[in-house]
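The values are calculated or read from the model by the stated rules, or taken from the named source; none is laboratory data. For clarity, every value in this text was computed on a predicted model and none was experimentally measured. Glycine also receives a Cβ, built like all others from the backbone with ideal geometry; neighbour counts cover every protein chain displayed.
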Amino acid sequence: MSDFIGAIDLGSTKVAVVIANLSEKNEELELIGFSMIPSKGISYGVINDIQEASACIKEAVQRAVRMAGIRSIPKMIATISGEKITAIPSRGMIIVKSREQEVTESDVRRAIEAAKATSIPEDREVIYHVVRGFRLDGQNGIMNPIGMIGTRLESDLLLVTHDKVQLRNIINAFQKAEINIEGFIPQEIAASEAVLTPEEKNLGVVLVDIGGDLTNLAVFKEGYLYAIGILKLGGERITKDIAITLKIPTEEAERAKKIIGTLKEEKEESLEVMSLQQKRIKINTSQVREIIQPRVEEILDFVLKKLEELNSPIELIPGGIVITGGTALLDGLEEFAQEYLKVPVRVSRSLRVYNIFEEKDAVFYSSAVGALERITRTVSTDESSKNFLDYLKEIFKNIFSPFKE
Ligand SMILES: Nc1ncnc2c1ncn2[C@@H]1O[C@H](COP(=O)(O)OP(=O)(O)OP(=O)(O)O)[C@@H](O)[C@H]1O
Ligand SMILES: [Mg+2]
């Protein structure tokens, strides 16, 4: 039995894979392999070509496995996204069993199961849950009730559900690629693990992951995950707009966005690109900025609107916004968003402790790394004496829903 575990982020523009070695139990993950390739067969988080998607998944995993110098990867988790992913709060209640009324691990498990047993629509499936705390005999805000004395134990969960058919397509894509997926984590929940600090979560903060097709939101209040949300809008929309307005091919628009794209007023550069008619033309920063700026404003406006819908208006979130995802690389975004929204904004482009990634690439691995961090942190805070892989098995069983029996 090997101690390797991998995570794969199924983005709409890229698929990123990270592999960690868990045999040494450290504070930080020991990352031994990673890879990133353009995604195929996936858009807006939905599989639209299963053959292409599975070939792409297979290729990305093989590259990371080769880099790690291992034969195969026995266990993987996937971070996924899409407008069909929703989260609902759910509570469960049980009566503490032992005669001494001391809450045991098994009571906690039963309380969690009780909250998971809530009825959800036929066409949906619970893929993940987050435990937000417990209540014991009416006392709120208990994070770990084991060992406490009481009778009525209530759990407070956020259940993440996905559309059954779309989920089945994703599972099939992995099966065709012969990849063993243990479970799914919504991309924004995984990314927040790698990107947000405990202080930000305690204060109250929104993670805004601006990717290619989508923008994912995760709202934290008082240290726990309060809500998630999704917008069908991201960096690809900016690229498309540059291509249409300047009448240049999409690849050229993408290049222009990355090289001279900025939200800073004072910058003035130019770039030679190929027009649709195969002519060399010169475009300059202000032309590109005039296209980018309204698109970014549009994304930020939608973020505000979504926060209202999620019962979390930005005025009530003291920590403000932390932006990540590929579009976080847009030059001048932090200053611009701060000025536009008038709230604290931090743009996160790096991953604190992992220096194996090149600086310019780190942001693309935040979800995959965050997924691994989330799993291993849940494991290492457990005080039991079982061996690490047994833990892991249990964690898989407990935090993921058993889509495979
Ligand atoms: N230097 C850059 N400046 C501006 N935008 C960039 C830069 N580099 C990449 N991007 C944009 O980031 C986006 C991709 O981000 P990311 O990899 O986070 O998306 P994804 O995970 O594939 O998609 P999604 O999360 O929407 O499914 C693309 O639209 C790309 O154009
Ligand atoms: Mg993404």
> When segment 335-358 is examined, which residues are found to be at pLDDT 95 or above and surrounded by 15 or more Cβ atoms within 10 Å (Cβ to Cβ)?
Replying inline: PHE336, ALA337, GLN338, TYR340, LEU341, VAL343, PRO344, VAL345, ARG346, VAL347
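Determine whether segment 91-108 contains at least one residue that is touching a strand residue (DSSP E or B) at 6+ places or on another chain (Cβ under 8 Å), within 16 Å of ligand 1 (Cβ to nearest atom) and not hydroxyl-bearing (Ser, Thr, Tyr).
Our first condition is that a residue be touching a strand residue (DSSP E or B) at 6+ places or on another chain (Cβ under 8 Å); within segment 91-108, this holds for 91-96, 100-103, 107-108.
Still in the running and within 16 Å of ligand 1 (Cβ to nearest atom): none.
Within segment 91-108, not a single residue is touching a strand residue (DSSP E or B) at 6+ places or on another chain (Cβ under 8 Å), within 16 Å of ligand 1 (Cβ to nearest atom) and not hydroxyl-bearing (Ser, Thr, Tyr).
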> If you check ALA20 against the conditions, is it crowded, with 22+ Cβ neighbours inside 10 Å, small (Gly, Ala, Ser) and over 26 Å from LEU233 (Cα atoms)?
Replying inline: yes
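Considering only helices (runs of 4 or more DSSP H) fully contained in segment 181-250, which possess at least 3 residues that are among the aliphatic types (A, V, I, L, M)?
Numbers: elements: 187-195, 198-203, 235-246.
Passing ranges, in order: 187-195, 235-246.
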> Would segment 252-268 turn up any residue that is within 16 Å of ligand 1 (Cβ to nearest atom), part of a strand (DSSP E or B) and at pLDDT 95 or above?
Replying inline: yes
>> Here are the criteria: (1) away from ligand 1 (no atom under 16 Å from the Cβ); (2) buried (at least 22 other Cβ atoms within 10 Å of the Cβ); (3) touching a residue at least 40 places away in the same chain (Cβ under 8 Å). Tell me which single one ILE50 does not satisfy.
In response: (2)
